[in-house]
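Colleague: Structure provided below as structure tokens; questions to follow.
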Amino acid sequence: MTASLRNRRGLVAGSLAVTAALALSACGSSDGDGDSGSKAAGSGTHTVSTVNGDVEVPVAPKRVVVLDSGELDSALSLGVRPVGATHSAAEDSFPSYLPASETKDIKQVGEIANPNMEAVAALKPDLILTSKVRDGDRYEQLSKIAPTVMTEATGSAWKENFQLHADALGKKAEAKKVIAAYDAHVAKVTEAIGGKEKAAATEVNFVRFVEGAEIRIYGKQNYIGSLLADLGMGRPAITDKAKDGFSYDVSPEKIDLADADVVFTSTYGDPGKAGTTKTMNSGLWKNLKASKNGKVFKVDDRLWIAGIGYTAAGLILDEFQADLTK
């Protein structure tokens, strides 16, 4: 492990301690605050409007199961510890950026987009959080187990999804505090890297190496793209060519299209099989402006890409500031 990576991990750990103290102040399973719905806290149900129509959920759900990383981040950011959650197909544990003390007692209920329905039912949940893109074809089955609140998709809609999660969890008051803290954090980082004008004049690309697929130059319509937009960072013209705004995929022979003032990179899967090692040792990569100027930064894929939530965002902002102010 390089010294820079060690330093960034240390920064993440320190930031996470602060985040945990602020956002995870209410430990244990959900203790609904009654901010959502018309019934008194701790009793009854309230209506949540979802992509599948109105769903009646407990005012104060006590046994929550989440079926994606964004839902897990939302719950923990709001001080709700789920009783069950899915994990990435590439790994058999929950994202390491989340506090181990908050995830150690969460039961694994299969992989994201492939939950073990028996395991979910065995936990006797009173609320299930997921998305249509992950579990749309299982909605009826999940609804028979517990009230199921689905968002349309993941990624760029993460802020809207968080609001829906907060409504379902009875944590709308806590959500306002989390959002305010994020907005203040964005302003602080923007100022630290030189202000709005310098941010707009600095073009940033995010390059993801994916085992079994082409290299992805991330566009603007995704989680990381939304963070860069909040910071007011410049984006190279290539990002406007991203399919559906998500990514512009290239072969190693066209990696020069990823050129920018600053390039962040991550890898999903084995770096050898994903082409990370070969590509980053190539002449084309070494000739990138960011490479020549020492502005290429390797980051954790499970945080920057799979985090998709406010706790992840806070850590990413800390790393971003650390890298751009070196």
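The values are calculated or read from the model by the stated rules, or taken from the named source; none is laboratory data. As the structure is a prediction and not an experimental result, all values here were calculated from the model. With ideal geometry, Cβ positions are generated from the backbone for all residues, glycine too; neighbour counts draw on all protein chains shown.
Colleague: Going by what's in this entry, would Lys298 be described as touching a Ser or Thr at 6+ places or on another chain (Cβ under 7 Å) and either surrounded by fewer than 18 Cβ atoms within 10 Å (Cβ to Cβ) or under 20 Å from Glu319 (Cβ atoms) (or both)? Let's see the steps before the verdict.
Modeller: Values: touching a Ser or Thr at 6+ places or on another chain (Cβ under 7 Å): yes; either surrounded by fewer than 18 Cβ atoms within 10 Å (Cβ to Cβ) or under 20 Å from Glu319 (Cβ atoms) (or both): yes.
When the stated conditions are applied, Lys298 passes them.
Colleague: Give me the pairs: first residue in the stretch 165-181 and under 14 Å from Ser49 (Cα atoms), second residue part of a helix (DSSP H, G or I) and modelled with pLDDT of 95 or more, beta-carbon distance under 6 Å, and six or more apart or on different chains, which are they?
Modeller: His165/Ser74; Ala166/Lys172; Ala166/Ala175
Colleague: Grab the strands (runs of 3 or more DSSP E) fully contained in the stretch 106-210, keeping just those with 2 or more residues being touching a helix residue (DSSP H, G or I) at 6+ places or on another chain (Cβ under 8 Å) and more than 30 Å from Trp285 (Cβ to Cβ).
Modeller: Working: elements: 107-111, 127-131, 148-151, 204-210.
The qualifying strands (runs of 3 or more DSSP E) are 107-111, 127-131, 148-151.
Colleague: Between Leu315, Leu257, Leu288, Leu284, which is among the hydrophobic types (A, V, I, L, M, F, W, C) and closer than 29 Å to Val80 by Cβ? Break it down into steps so the answer makes sense when it comes.
Modeller: On the way: Leu257 fails: closer than 29 Å to Val80 by Cβ; Leu288 fails: closer than 29 Å to Val80 by Cβ; Leu284 fails: closer than 29 Å to Val80 by Cβ.
Leu315 is the lone residue from the list that is among the hydrophobic types (A, V, I, L, M, F, W, C) and closer than 29 Å to Val80 by Cβ.
Colleague: Considering only the stretch 192-213, I want to know if a residue exists there that is within 22 Å of Leu67 (Cα to Cα) and at pLDDT 95 or above.
Modeller: No, there is no match, as no residue in the stretch 192-213 is within 22 Å of Leu67 (Cα to Cα) and at pLDDT 95 or above.
Colleague: Looking at Met150 and the list (1) free of Cβ contacts under 8 Å to residues at least 40 places away in the same chain; (2) closer than 15 Å to Val57 by Cβ; (3) hydrophobic (A, V, I, L, M, F, W, C), which single condition is not satisfied?
Modeller: (1)
Colleague: Let me ask you something else. Can you tell me which of Gly136, Gly53, Gly79 is more than 25 Å from Glu211 (Cα to Cα), touching a Cys at 6+ places or on another chain (Cβ under 8 Å) and at pLDDT 95 or above?
Modeller: It is Gly79.
Colleague: For a quick check of your reading: which helices (runs of 4 or more DSSP H) sit entirely within the stretch 262-322 and have at least 2 residues that are hydrophobic (A, V, I, L, M, F, W, C) and under 15 Å from the mean Cα position of the chain (by Cα)?
Modeller: 301-304
Colleague: How many residues does the stretch 159-214 contain that are surrounded by fewer than 21 Cβ atoms within 10 Å (Cβ to Cβ), of a type in the set (D, E, K, R) and in contact with a strand residue (DSSP E or B) (Cβ under 7 Å, 6 or more places away or on another chain)?
Modeller: The qualifying residues number 3.
Colleague: Can you pull out the residues in the stretch 255-287 that are exposed (fewer than 15 other Cβ atoms within 10 Å of the Cβ) and in contact with a Pro (Cβ under 6 Å, 6 or more places away or on another chain)?
Modeller: Answer for the stretch 255-287, where residues must be exposed (fewer than 15 other Cβ atoms within 10 Å of the Cβ) and in contact with a Pro (Cβ under 6 Å, 6 or more places away or on another chain): just Thr277.
Colleague: Name the residues in the stretch 67-94 that are touching an Asp or Glu at 6+ places or on another chain (Cβ under 9 Å), surrounded by 24 or more Cβ atoms within 10 Å (Cβ to Cβ) and touching a residue at least 60 places away in the same chain (Cβ under 8 Å), would you?
Modeller: Listed by number, the residues that qualify are Leu67, Asp68, Leu76, Ser77, Leu78, Val80.
Colleague: Continuing with this model, one more query. Identify, by number, the condition in (1) more than 27 Å from Gly272 (Cα to Cα); (2) modelled with pLDDT under 95 that Gly155 doesn't meet.
Modeller: In the conditions (1) more than 27 Å from Gly272 (Cα to Cα); (2) modelled with pLDDT under 95, Gly155 misses (1) alone.
Colleague: Then there is this: Looking at the stretch 218-246, which of the residues that are among the aliphatic types (A, V, I, L, M) and within 20 Å of Ala312 (Cβ to Cβ) is nearest to the chain's Cα centre (by Cα)?
Modeller: First, pick out the residues of the stretch 218-246 that are among the aliphatic types (A, V, I, L, M): 224, 227-229, 231, 233, 237-238, 242.
Then drop every residue that is not within 20 Å of Ala312 (Cβ to Cβ), which leaves 224, 227-229, 231, 233.
Values: Ile224: 8, Leu227: 11, Leu228: 14, Ala229: 15, Leu231: 17, Met233: 19 Å.
Among those residues, the one meeting the criterion is Ile224.
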